[in-house]
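Take a look at the structure below.
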Amino acid sequence: IFNFSKCNRFKHKRYWKIKKHKKFYYCFNTSKFYRWSCFGFFNSNLRIKDFDKISTLAPAEITLNGQIVSIPEINGHTCKFYAKFNEPKGKVLIWINDKQHNFENFELGNSFQITGRLKRPQEATNPSQFDYAKYLQNHKTYSIMYAKAKDCIFLEQTLSAKWIFLRKHHDALH
């Protein structure tokens, strides 16, 4: 057993104050490390979501009712846009193909019924290659649908103020 009374170093009150502070600091830091390491352990079991209810149906020929939630991009005989669906719930990137270029009904906020091929995007096969699936995941989109314009039926609806504002804002820019 060490006798503290014989050692001059341990007689000073200042030394004990510093030691107590260091002991507290050490305990605080180790508990902080333990806390974050436990969080890391539990967090490692949680994964970033890479599917939604619609993507679990892919690959399939399917009919869905939804609403256009992005500005359609028309390029030649193809039209591309994002659509949200309520049943089953999810967001899909839709590619429409039409040789006659009949894309006038494809506007932001329109509701429609579509029949097409639903697929999951292909992941990168080579390291350091662009990963289209991850790119779409950043947009919370986990599947792609390919359809023809004749397989798309537009439904009558009254647009909410949100969609009217977004359409006017888009038209003002173009």
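The values are calculated or read from the model by the stated rules, or taken from the named source; none is laboratory data. This is a predicted model, so every value here is computed, not measured. No Cβ is skipped: glycine too gets one built from the backbone with ideal geometry, and neighbour counts run over all protein chains shown. Note: accessible area is taken over every heavy atom of the protein model, side chains too, but ligands, DNA and RNA are not part of it. Shrake-Rupley method; radii C 1.70, N 1.55, O 1.52, S 1.80 Å.
Restricting attention to the stretch 96-113, the residues that are at positive phi and open to solvent by 80 Å² or more (accessible area, probe 1.4 Å) add up to 1. Under the condition of being outside any loop (DSSP other than H, G, I, E, B), at pLDDT below 90 and open to solvent by 80 Å² or more (accessible area, probe 1.4 Å), the residues counted in the stretch 49-95 number 1.
Could we say that ASN126 is without any contact (Cβ under 8 Å) to a residue 60 or more places away in the chain, under 29 Å from PHE165 (Cβ atoms) and open to solvent by 80 Å² or more (accessible area, probe 1.4 Å) here?
Details: without any contact (Cβ under 8 Å) to a residue 60 or more places away in the chain: yes; under 29 Å from PHE165 (Cβ atoms): no; open to solvent by 80 Å² or more (accessible area, probe 1.4 Å): yes.
So ASN126 does not fit the description; no.
Conditions tested, residue by residue: (1) in contact with an Asp or Glu (Cβ under 7 Å, 6 or more places away or on another chain); (2) in a strand (DSSP E or B).
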position: LYS99; (1), (2): no, no
position: GLY116; (1), (2): yes, yes
position: GLN122; (1), (2): no, no
position: ASN126; (1), (2): no, no
position: ARG167; (1), (2): yes, no
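Which residue is most open to solvent (accessible area, probe 1.4 Å), if the candidates are limited to the stretch 129-149 and must be of a type in the set (Ser, Thr, Tyr) and free of Cβ contacts under 8 Å to residues at least 40 places away in the same chain? Once the filter is applied, the top-ranked residue is TYR135. Only a single criterion out of (1) within 19 Å of the chain's Cα centre (by Cα); (2) assigned to a loop (DSSP other than H, G, I, E, B) is not satisfied by GLU107, namely (1).
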